[in-house]
1. List the residues of the stretch C:281-295 whose backbone N lies under 13 Å from a point placed 7 Å from the Cα of residue C:311 along the Cα-to-Cβ direction.
2. Is there a simple number for the mean count of other chain Cβ atoms within 10 Å of the Cβ of residues in B:81-91, and what is it?
3. Running Debye on the stretch C:522-681 with equal point scatterers at the Cα sites and no solvent, what base-10 log of I(q)/I(0) appears at q = 0.14 Å⁻¹?
4. Where does chain A land on the Kirkwood hydrodynamic radius, alpha-carbon pairs, in angstrom?
5. Can you give the mean number of other chain Cβ atoms that lie within 10 Å of the Cβ atoms in peptide C:46-57?
6. Would the stretch B:66-110 count as rounded, prolate or oblate if I go by the C-alpha gyration tensor, calling it rounded below 1.5 in a/c and otherwise prolate when a/b exceeds b/c, oblate otherwise?
7. Taking the number of other C-beta atoms within 10 Å as the exposure measure, put B:237, C:469, C:570 in order starting with the fewest.
8. How many angstrom lie between the Cα centre of the stretch C:833-850 and the Cα centre of the stretch C:248-306?
């Protein structure tokens, strides 16, 4: 059985936010909602300074704390490892947000468009988010299922710093990179076993 | 500075502010949760004190004030929580994940308590001095009644602690991720409930609690303080973000709620009032009644402060 | 209904349509998914230049397309008063009325003097279609905007001189040491953004050392192996010191290259000019083998002396290189350390690394050719161009490449489309490299055969013999042209897809210039500072709504050089959705105007040549063609009969022949020489001085010297020490030009980044001044301009600098959320003749301010 995962090479990321916007466009998230933000971290003191760019998304953890915390069982995990929130079952406790170490989940109290009440044609076509529920990255499961097509964030990255593939296949690009470049899981000590690995 | 347009309509502790990898204060739970947690704790402790120690706090219409209060307070707390949900009308689904979700466990316990404690109280009802339903098979200490008390009481124990366990189960927030959180909930639940017995006595509803309870009250406030201080120490030394949270509590944006509210109203003032009452026998009941009131307020602040000061650790 | 949950029966249409992106000037190939007539997704097409990738801006284009506040009908002004923030009193009119008005005004101006019609645009995709229109109209006054104020000024003249192309490109695929000055090329900025982002990442991962010299720790500096903070405006001194180390301390320079391919061996006399053969006038060199002076083209290059002093019939002659050697010790690392704030040891070390990495003498085999391999290059762009002495700054960097022979060879600084299958650089006057004849995107107007004369153009480019344009002079020309001998004033200005009032000089001065122009036509998608000055405002189409009628040629397309050993690609912009409201593509409007004014036929004639339309595809001037028909002919002419409009509508791009290594790296295949000794600067300066003296104008010609020198910017010489901090601008990967301010996805990210709408200050500097993170501060320029902003503290900026990025702080927009946020950098600058680099006509972007705290982060007043 496949286990979908992603490797993010921090040595290649240049902080351009292409992934952040591609995600928004693909998923039609409401105004203020970002499933694939890129954080910055400044390290060092002048003049030996480095600004790190840290692309993030839902880690689709094997032992997902959000799934465990959710009281209504709205969060489930597929056999291929993708963790999904069912908005119709969600009642909006935000227990998942409290549980997630990766800032992956957003609670949308009131979904709105970028220009206020009037939605643009794109928003009307893509924005399916209901209000009062939690939502997060889905690894673009619809692209995977419909066309075996990688997530939008991976497809758009200009420096190819995001690689998507099967973590259960030792010869896949993701597995090879993790092995050869000493990939690390974020906050590995928490035991969530994230499916997103970082290379430094 | 930014993001005012979406503040309140979209909540994510990391993306709501500056996109910098740094400790991020949680922004999903606040006063509603502090109120819910406090109500749960106080209500449940009142019921336990009633069934275990006969602390009835008086009677109204045949039913003890302790039972009235516990049902009302837990009910109100529940309603406040439901109103806070993103989709309040879907609250009833919250029972579905008891194997891993403390909220589910608590929800089930809440239902069990409300049903069983409510049922158990009904036979005691006296209308116009007449006890019409005392024949019900679970009334008072009949075997079924004892079973109801046992189950409702167990539910209460869960109810006092589960909110703390909800917080403690979050590995992402070092301040919350501690056994000392549910322990504080236990201590403050009971010291609030016991304090209310003196308030009830002072307003002439209930009897003055036996002198044996005063040292217990002191103990309960003392242990609340101890758990609180241990919690600060543990957070400080265990994780950098824990330290960040502690600084927020004693020095930063949560200072007033923590220092004056939780520490002050929650333990210092009550203890001071109790000591004062020992030297002032004429006003001692008044002072102890005020202790009860202030203690509940402090309990609320202690929960609010910890909830607010909860900060996510940077994850990269 | 979200497409992902749409039922099959509801989906009437679900297609992917190819076109090119227009969110910057790189024109990446994209495909757009349209479902039931609505654009739902944009992705890159897997073809050069972007190889399947799109940046944040490209991905966000849909929010620009569907901005609800677009200009959708023609509007005419009713309020005669013009100013920023002054309501024009727009009244809707029909397109017919608008065309009539335009025909009347443009026709009248054209009849009087076509030069009185100026057109400003930075729509690079439409340039090819626009040029014939301007030529047929008869006006030389076509201008870009801010790109011509700050950016290419220090690049294009040098690119032409060194490679014969409009722009340069660096072969980082084969480079091991890459030095960047004031630019973020390869980090989703600037040219070839998508293609180079991957190349740069690959090169860095392969082990190429990247060093970025910049006052700010930009995106490129953050990922570099070393960030070298430098005081603004001192890069020249830095590079001269590097040159000194290479030439005088290490002797690490490519002597063979200098002898063969530069004017370094040309003999110079006491007046600084070449010593010429009295009969044929050719510059002489010293033939060391035969101990005699002879014309440069008869002596075996390796026999030319680079050093020495020679007596030639009574005059003392020295090779240009000898003068350079003698000049450089004025600029040792020790002497420039205080100027630049970079330690001498660092400069010396970098020079050594650069020189050694260049591996002078090494070779590489590519595509069957044996070529010199110089895997070290130094690059620059806007950061060093936008200074009073910017051309010198940029030239000093280019000369690093020249010294080690890294010009037009693998690993080095190469031409960008300057060499193709049938054209390339040739030997011009004095054997110096000039652009050869052939299809090209831009003709270098001056090369070496310039003649300063009475200006014909509004931008007075004739007074800037070494620049390729004088955009920054244009508005000053409108205001003061008479003084310089310009004998006409502009009557009509057409502004298309450009916002000069926000992107160039001080908006107040620009506004004054605009008010001098009797009739302004603006064609725009959004309301902005410039449309506010228009008399007629016409709704332009979004790029996703238009067909650009000519296929763009990869060879001459300055923004995406063909990649060595890869096939070239032809592409264009195709409409994906119908135009919104009454929007019309501005080129279509201009062509209709030409029709009404009777010069459509001339356009077609010019197009036939310009666009190389062949045989049956040539346009018959007597007929009228739709843009579809013109494109079809253009595409078939360039790409073959099977690749017309229908093909492009399906596929979006066409692959052509492979771009050979010889075409990519032409250096050893021709003999044209590049200037190391800038003798032509002397000539130019003499001409400029002569003209200016004749008109009694005080004009700074101090940079028209043959040897590069560093002079401080006026801001640096600011006497009042209260103004102690330089404000530096930088580009961002998520915003570009001014129109992205209307895109809420991009501006929201900008807001969250915390570093776009704020002013960045060095943490230590802030501490000294008692300023804390997120305090509100006020900047004040020496001219008294004041602006307030939130400050952000960082370790990643030079202690003497503040950073204000992008084009922000807008005053007039179409009202998108956050569209006015931020600080308007350009308002800080003095826009004045004495702030122009008189060589390249760049506007000095060096300004010093004083800072005071207005309010603390917690709200307390300071």
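Throughout, read-outs are computed from the coordinates displayed, never taken from laboratory work. Since the model is a prediction, treat every value here as computed from it, not as a measurement. Here the Cβ is made from the backbone with ideal geometry for all residues, glycine too, and neighbour counts use every protein chain on show.
1. none
2. Going residue by residue through B:81-91 and averaging, the value is 5.
3. These q points yield log10 I(q)/I(0) values of -0.88.
4. 17.6
5. For peptide C:46-57, the averaged partner shielding equals 4.
6. Oblate is the answer for the stretch B:66-110, as a/c is 1.5 or above yet b/c matches or exceeds a/b.
7. B:237, C:570, C:469
8. Taking the Cα centre of the stretch C:248-306 as reference, the centre of the stretch C:833-850 is 36 Å away.
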